[in-house]
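What follows is one structure encoded as C-alpha cells, with my remarks underneath.
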Amino acid sequence: MVRTAKLALEDGTILEGEGFGAETVKAGEIVFSTAMTGYVASLTDPSFKGQILMSTYPLEGNYGVSSEWYQSDDIKAEAYVVRQVCYEPCHPKSEKSLPEFLEENGVPGISGIDTRSLTLKIRELGSMKAVVANTDISDEELFKILEQQPRLEDMNLVEKVTVKEPKVIQERKEYNVAVLDCGVKKNIIDHLVAQDVGVTLVPATTTAQEIFDMDVDGILVSSGPGNPENVDTIQDTIREVGQKMPIAGICLGQQIIALTYGAKIYKMKFGHRGSNQPVKHLDTGRVYMTSQNHSFSIDPDSIESTDLEITQINLNDGTPEAIAHKTLPIRCIQYHPEAGPGPHDSKVFFDNFVNAIKEYKEK
Amino acid sequence: MPKDESIKKVLIIGSGPIQIGQAAEFDYSGSQACKSLREENIETVLVNSNPATIQTDIDSADKVYVEPLTAEVVAKIIEKEQVDALLPTMGGQTGLNIAVDLDQMGALDGVKVIGSPVKTIKDVEDRDLFAEFMDRLDEPIPKCHAVNSLEEAFEAVEDIGFPVIVRPGFTLGGTGGGVANNKKEFEEIVIHGLDMSFNNQVLIDESVLGWQEIEYEVMRDKNDSCIIVCNMENVDAMGIHTGESIVVAPTQTLSDEDNQKLRNASIKIIRALGIQGGCNIQFALHPETREYKVIEVNPRVSRSSALASKATGYSIAKVSSKIALGMTLDEIKNDITKETPASFEPAVDYVIAKVPRWPFDKFKTSSGELGVQMQSTGEVMSIGRTIEEALQKAIRSLDIDQEAFEYTEYTDYDLEHATDLRMFQIYSAIKDGRDIQELADITKISPFFLNKIKNIVICEENIQKQGKDVLNDAKAFRKIKQYGFSDKRIAELLGLSEDEVAQARHEIGLAPEYKMVDTCAAEFEAKTPYYYGTYDSPSKFKPTDNKKIAVLGAGPIRIGQGIEFDYCCVHAALALKDENVETILINNNPETVSTDYDISDRLYFEPLTKEDVIAVLEQEKPEGVIVQFGGQTSINLAESLDDAGIKILGTPFESIDMVEDREQFTEVLNELGIPQADYGIANSLDEARDAAHNIGFPVLVRPSYVLGGRAMEIVYDDNELEEYMKEAVKVSKEHPILVDKFLEDSIELDVDALCDGEDVYVCGIMEHIEEAGIHSGDSACVIPPQSVSKDIIDQVEEYTRKLALKLGVIGLINIQYAIKVDPEPKLYIIEANPRASRTVPFVSKAIGVPIAKIASKIMLGAKLSDFDLVNYADIDHVAVKESVFPFLKIPDVDSVLGPEMKSTGETMGIDKNFGLAYYKSQLSAGNNLPTEGKIFISVRDLDKPKIASIAKKAKELGFDLIATKGTADAVDDVDIDIIRKVSQGSPNIRDAMLNGEVAFLINTPSGKQSADDGYIIRRLAIELGIPYVTTIAAANAVLKAIEEAANGELTVKSLNEYAE
C-alpha cells in the first residue's frame, strides 16, 4: 500500500509524494547531490548528519544495499528525497532494498518528488530547512516542527558523530596515525589501514597533550558534518600538534585547519555535493574529478594574510580545494580522496600523507 | 596560446557513405570537428565521398573534397593541400584505416597525426598487439587467438573451449563474425571470416555471452587529465552487438563500487594508449562475480560517443578536436553552461533509452536474428525521468506503426534468441504471467529491466481496471503519463479514440513540462540547453515573443529515409537563423547533426508523433511548422497538425494530400496533359486481377502510401499478383493497392525543383543509370543527363513547371519520370512528391546551390528571383550518385535490385566526364573496378541481345571473358571461355571466384526465385568483395568508367575549385 508522504520547506512549499522507509517525521537542512551512484555510502556518511539528502539522479535503490558500502554503522542523513525508489533491487551484493534499509534505520524516505524542480529552487534560494513526514500529520504541525528545527550552522553536529573513546583500528606499526574523528568515513580509515600504519580513532575533543601521549607520528582531521566554527576546541589541538608532526585534513578537517591558521570560512549557497567536481592542481595543471560533500568553504581572500597557501582550486567556481601551510607539514583538501561514493582518482593523498610522516620522522 | 602552434592546417577524414555500422554519427562528429577547429583559427580541409552530409557543405570547412576515401586519393589531397596535420578519429573505422594505410605508404612524412597516434590505432585494432598491450597493463580481456587458417583455428578453440566468438580482423563493424557452439558451426564461421578479413585473419574469442555489457566514454588531454563523459548499460547481454542492443544511460544496475572499478580501468587504458581526445571502452561484467573483461577499445569518436554526447549535452567530438590541437580540458568551455569548463563529468537527472531501428521490413528473407554482427540502420534516443517513460517514448520514436509495447506471439526460442521483436515478446511473456527470474535466465536480461516492463504491464492493467474514470482523476492520469503512456495507447486500452483521451487530458489541464538537458543536473545555470517532455510537474513554460518557426526532423535512419533528410532539416534551421527567425527543432535521432544543440535555438528530443509534436507546438506557439524536410515521418503529421490549427509553412497540406491520392492526382495530370502509365486501384485480389488484366502485365503493385518503396513489386502474372496481395494487404489495411503498368526498358529521370508559387526553378535533372523498375533510391544517377534528347529535357522542364505551379508548391518538389524508348521516345510521369527528396543534397553539391536553404527562405516569403541560381545544364563537370547496399551485413538476402529500396547510403563521384565521375562513385561505394583480369558474364535471356557490345568493349579494354554456355552462345566474334554453372558440377564459376580468378561480374537476374545459380554467384561476390553489376545499363557504365580511368591518373579537385 502506497502511503502519502509530505515534504515541507522553509519557504512554505509543501510537496506530496509516496513514503518509503520509516514512518516518522524528520527535519534537517535539505541539500542535493548530483552523484549518480553511491546512495548507500552517502546516506551512511556522517557528514550528512543534520541534513536531508536529495539525489538529483531520478532512480535510486536500483542495486540495493550491501553493508560493504556503509561509511558508518548506520544511516546518518535525516531523511532521503528521491524521484523514484526501487523496491526490487538487482545486484549480487544486495542484502536488502533501499526502503528496507531506511526502515531499519528509522529514517523516512519520500519518492515521487520532482527532484529537478526542487534542485532548481535550492540553487536559487540556497539550502534551507525542510521536514519529511511519513506519517499522518497536518501541514500546521509540519511547519511547527520546521520552525523549531535549529539551523545547521547553529548546531554542534560533530559531537553527535565522533567516537566517545579512543579506538584502535590497526595496532601499532612503524608509523602511527591518530584520526581526529569529526565524523570519519569508513573509507578514510580503510585507506590509512592500507598504508600499513597504526591507526587510532580519537574523539574530536582530544587535546594536543593526549595526542602527544599516544606517541603518534601524524594526525588526520577527518571530514564531518556541520559548521567548522562550532568545533573550536579542535583548533587548539591542531595549533599545538602542528608544531610537532604532519597534519592532514579532509573536508571539515580542512576548514577547521584553515580557521586555526587565521583564514575565514563562509557558508556556501548550496554547497558542493557530487562525484564530478573538477579540481585543478596548480602545480601540474592536471585536473582531477573529485567526490565532494560540503556546505562551507574557505574564503580565498582571507588566505593571503595567513601562513597558508592554496594549492588546488575548483574549476567550476574557483573555490579553494586544497591548502598547505607554508612552513609546517600541514596539507589538506576539501574533497574526498577516499571516495565512497565517487572517483578514486585522488587516492594519492594518503600516500602523500604517510610519506610526509616518514620524511618528517627521518628529519 | 595553449594549442600546438605548429598545427595550422588540418585534414579531417569523413566516414564515407552511410552503411550499417557507420552512419550519420560521423557526419555529426566530422561537422563538429570542422566547427571546433575553425573556432581555433585552424584552416580545415575535409574529405568525404558522401554528399548527403553537412560536413561536405562547401562552407563546413575551408576546403571540401568529395572524393573516394582510399589512402591513394587522400594522399593526393594531403600533397595538394600541404596540410600539416591529419585528424583521422572523426571518420569512424574508415578514418582510422586510411590513417594506417597512409602511414604504411609513407604518405605522412611531415604530417602530424593528431587525436590518436597511428601506433595507438594499431595497438587496439590488431588483436595480438591489443592482447599484449592489455597484458602489460594487467587489464583482463577474454582469451583470444588470432589465426590465419582453419587448422590454427581448431588449435585455438582447443585452448579456449566452446562457445567461442569468431570475428574477422580489420573489417567494418565486425562484419562476418558469429558465435560458434560446436565444431560444425565453428568451421563454417571461420572459413567465412577468413574470406572477409582484410588481413586474412580471424579472431577466436573466449565467450563472455550472457555477461553484462557496459560502455565508458573517456576523454584525456595532454596534461593527462581524464574524465568519463558517460557510462552506458546495454539491456541486452553480451552476444548482441552494442549497436543492436537497447542501451540505457547512465548505467542502472552498477553499484558505485562497480562503476568506479570500470572507471579506473578506463582511465588507466586511455592514459596508457596516449590518446588525446575521446575513446570508447566496452566492458563485459559478470552478473554475479562482478569480474570484468575489456572487450573493445575504440580510439576515436563512435556511434556510442554520439549517443553519449546527445545523452549528456557534452560534445565529445567538439572537445576532442580541440584537445587534438593541444588544448587542455580546463581551457575549453562547457558549451551548455558557458561558465564552467569542459573538465568535468556530466551529471544527468533523467534516463536515456536508445533503441535500434532494423531494416528487416525490407528483407523478407532475413530471419531478423540479432547477434554479434550489426544489422540495424539507425537508432532513436528518448529521454524520460523513469525507465518506463524512456522506453515507451523510444518505441513511439521508432516510427514503426506501433504506439507502445504490443502483444506479440513468441516461443521460448524467441525469448532466448533475440530478434527485432524480442522487446515486445518479453512484454507479452510478462503479460502472460511468466516469472521474472525465469525470463531473466532465458533472456540474460537483468530482472531490473524486466521489472520495468512489468511495471508498464501492471499500469496497463490498472488503466483497464479503472476504465474511463481514470481520465477524470488528475493524479492518477498524471501517474500514467509519468510512465510514458501516449494518449493513443491509453485510448487503445480504454477503447476510446486518441482525440477523446487528448481532450480529457486538456480538460483537466494535464500537459507535458519540458525539462532541460544541461550537463549538470541543474547545479549550474544552462545557457544553451535542450529539452525533453515529461510529466513531473505542471509546465512553467513561457514562450518567447520572437518570430519563430518549428522544423520537424525525420527520426531514425532507415532504408528509404536516410541522412539526406537530416541534411535538409539542418539547412532549414540554418536558413531560418540567417533570416533572424528563432528555430525550434523536434527530432529523436542521436546520430544526427540536427540534434546538435547549436543548430537550432531550441531542440526538443521527442518522438515525432501527433501528440508529442503538438504538445511542443502548443507551448512554443511558433508561427508555423515546416514538414517538408523530415521525409515521410514529418509529412505524415501534416494532416494532424493542420487539423489542430497549426500552420504548415510552404506547400499546403491539401497539395500533399492531392498527390498522395491517386485519383485526385490523375485529375490534375489529365488537366495539365501530362501522361502517366495506365493504372488501376484495387481493394481486393479480384479487383487487382481485373486491373492488371485491363492494363496488361507486367504491372507494378504497391500500397497507396509508401515509404521508400515498401512492399512495392513488379509482377508478371496472376500467380505473382496473388502472392503479392497476400503479403501487401498485411502491410497496410487502411489504404488500397495501386496497380500501375510497368514501363519496361525505359530510362528513369529524377527531378528536384523549387517553386515560389509564381516561378519554378529546375534544380537538377538526374538520369538514372539503371532502368525504370529499380527504385530511384537504389539506382545510380548522373547530372547532367547523358543520353536524353533536348526535346525530352524541354518536356521534363515544362511538365515540372506546370505541375509545381498547379499544386501550389512553395518550396521543394521531386518528380520522377520515365522515358519509354520504344517505339519512339515518350515521357511519362511516375510520381511527384511535394517535399524534399533524398537527392536534394546530391543536387545541391552537383550544381553548387544550397536548394534546401532556398526552399526554407521561400517558405518565409522570399522569391526565386532573390537568389543566384545556376542552371544544372551549364555545369562543366559531371556528378554521379551511386548507392551503397547492406547485403554484406544481412545474411541470406539477394542483391538483385528492384522496386523495393534496399540501399542504406550513397556516394558521389565528381569529375570532368561521366566515365571518371562514375569510376569515382564506384570506388567510393567499395567497388574497386579492375583494369585487367577476367570478367564473368551471365545474363538472362532478355538481355542476351545486348551483351555482344559489352563483350566486345571488355575485350578491347584488355579483359579476358568467361561466361556460362547460354550467355557465351549469344555472342559471336568474341572469344569467351565457357565455364560451368554451379548446378553443373565442379569446377565451376563458384570455384573460379573462390580461387580469386574473377575480377568482375556481370550477372542479370533471370527470375524471382532466389535459390538459383545467380543468387549463389551474387551472394558469393558480395562476401568475397568482388565488384559486380546486376544490370546491363550498369555494365555499360562500368566499362565506360574503366576506359576513362585507364587513360590516366585520378586527380582530386575540391568543391571550392568546382565552384570557381
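The values are calculated or read from the model by the stated rules, or taken from the named source; none is laboratory data. As the structure is a computational prediction, the values presented were derived from the model and not from experiment. Neighbour counts are summed over all protein chains in view; Cβ atoms, including those assigned to glycine, are modelled from backbone coordinates with ideal geometry.
General remarks:
- Residue in the range B:416-432 that is outside any strand (DSSP E or B), within 14 Å of another protein chain (Cβ to nearest Cβ) and touching a Phe, Trp or Tyr at 6+ places or on another chain (Cβ under 8 Å) present: no
- Close pairs (7 angstrom Cβ cut-off, 6 or more residues apart or separate chains): within 14 Å of another protein chain (Cβ to nearest Cβ) in the range B:224-246, among the basic types (K, R) anywhere: B:D224/A:R286; B:D224/B:R271; B:S225/A:R286; B:C226/B:R220; B:C226/B:R271; B:I228/B:R263; B:A237/B:K444
- Residues of the range A:36-68 that turn out to be surrounded by 24 or more Cβ atoms within 10 Å (Cβ to Cβ) and within 13 Å of A:G340 (Cα to Cα), as a count: 12
- The range A:11-33 - residue that is within 14 Å of chain B (Cβ to nearest Cβ) and among the polar types (S, T, N, Q) and, of those, nearest to B:R263 (Cα to Cα): A:S33
- Within the range A:34-76, considering residues that are touching a residue at least 60 places away in the same chain (Cβ under 8 Å) and in a strand (DSSP E or B), the one farthest from the other protein chains (Cβ to nearest Cβ): A:K49
- The one condition in (1) buried (at least 22 other Cβ atoms within 10 Å of the Cβ); (2) touching a strand residue (DSSP E or B) at 6+ places or on another chain (Cβ under 7 Å); (3) assigned to a loop (DSSP other than H, G, I, E, B) that B:D399 fails to fulfil: (2)
- Where a residue in the range A:113-131 is closer than 17 Å to A:E18 by Cα and its partner, wherever it lies, is aliphatic (A, V, I, L, M) and assigned to a helix (DSSP H, G or I), with Cβ under 8 Å and at least six apart: A:A130/A:L146; A:V131/A:L142; A:V131/A:I145; A:V131/A:L146
- In the range B:369-387, the residues that are under 13 Å from B:N588 (Cα atoms) form Cβ pairs under 7 Å with partners that are hydrophobic (A, V, I, L, M, F, W, C) and in a loop (DSSP other than H, G, I, E, B), at six or more places apart or across chains, as follows: B:G378/B:A23; B:G378/B:I557; B:V380/B:L398.
- Single residue of the range B:524-537 satisfying the filter (out of contact with any Lys or Arg (no Cβ under 7 Å at 6 or more places or on another chain) and within 13 Å of chain A (Cβ to nearest Cβ)) that is nearest to B:E618 (Cα to Cα): B:S537
- Of residues in the range B:321-344 being more than 10 Å from chain A (Cβ to nearest Cβ) and under 18 Å from B:E523 (Cβ atoms), the one surrounded by the fewest Cβ atoms within 10 Å (Cβ to Cβ): B:K338
- Qualifying residue in the range A:243-256 (condition: surrounded by fewer than 23 Cβ atoms within 10 Å (Cβ to Cβ) and touching a residue at least 40 places away in the same chain (Cβ under 8 Å)): yes
- Matching residues, the range B:1028-1060, being modelled with pLDDT of 95 or more and in a loop (DSSP other than H, G, I, E, B): B:T1051, B:V1052, B:K1053, B:S1054
- Hey, B:G106 out of contact with any helix residue (DSSP H, G or I) (no Cβ under 7 Å at 6 or more places or on another chain) and closer than 20 Å to B:D62 by Cβ or not: no
- Checking each residue in the range A:275-304 for being away from every other protein chain (no Cβ under 14 Å), at pLDDT 95 or above and not in a strand (DSSP E or B) picks out A:D299, A:P300, A:D301, A:S302, A:I303.
- Filter result for the condition that a residue is touching a residue at least 12 places away in the same chain (Cβ under 8 Å), within 26 Å of B:I656 (Cβ to Cβ) and in contact with a Gly (Cβ under 7 Å, 6 or more places away or on another chain), over B:D752, B:D756: B:D752
- Positions within the range A:107-120 being surrounded by 19 or more Cβ atoms within 10 Å (Cβ to Cβ), at the interface with chain B (Cβ under 10 Å from one of its Cβ atoms) and not in a loop (DSSP other than H, G, I, E, B), in sequence order: A:T115, A:R116, A:L118, A:T119
- Selection status of B:S266, under 28 Å from the mean Cα position of the chain (by Cα) and either buried (at least 22 other Cβ atoms within 10 Å of the Cβ) or more than 11 Å from chain A (Cβ to nearest Cβ) (or both): no
- Answer residue from the range A:121-132, given it is of a type in the set (K, R) and part of a helix (DSSP H, G or I) and is nearest to the other protein chains (Cβ to nearest Cβ) among those: A:R123
- Evaluating A:E104 against the criteria (1) more than 14 Å from chain B (Cβ to nearest Cβ); (2) surrounded by 23 or more Cβ atoms within 10 Å (Cβ to Cβ); (3) closer than 27 Å to B:E257 by Cβ leaves one unmet condition, (2).
- So B:D236, is it acidic (D, E), touching a Leu at 6+ places or on another chain (Cβ under 6 Å) and over 13 Å from B:S304 (Cα atoms): no
- The range A:197-243: number of residues that are more than 12 Å from A:A178 (Cβ to Cβ) and among the charged types (D, E, K, R): 5
- Count of residues meeting criterion [modelled with pLDDT under 95 and acidic (D, E)] in the range B:529-565: 1
- Residues that are closer than 21 Å to B:R396 by Cα and part of a loop (DSSP other than H, G, I, E, B) were ranked within the range B:345-369; the one that is farthest from the other protein chains (Cβ to nearest Cβ) is B:K362.
Residues are listed down the side, and each one gets a yes or a no for (1) in a loop (DSSP other than H, G, I, E, B); (2) among the acidic types (D, E):
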position: B:D778; (1), (2): yes, yes
position: B:P785; (1), (2): yes, no
position: B:I792; (1), (2): no, no
position: B:Q795; (1), (2): no, no
position: B:K802; (1), (2): no, no
position: B:L827; (1), (2): no, no
position: B:A832; (1), (2): no, no
position: B:R835; (1), (2): yes, no
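- The single condition from (1) within 23 Å of B:S376 (Cα to Cα); (2) touching an Asp or Glu at 6+ places or on another chain (Cβ under 6 Å) that B:K9 fails is (1).
- Candidates B:I508, B:I557, filtered to the one that is aliphatic (A, V, I, L, M), in contact (Cβ under 8 Å) with a residue 24 or more places away in the chain and buried (at least 17 other Cβ atoms within 10 Å of the Cβ): B:I557
- At least 1 residues being in contact with a Cys (Cβ under 6 Å, 6 or more places away or on another chain) is the threshold, and among the helices (runs of 4 or more DSSP H) wholly inside the range A:133-223 those reaching it are A:158-161.
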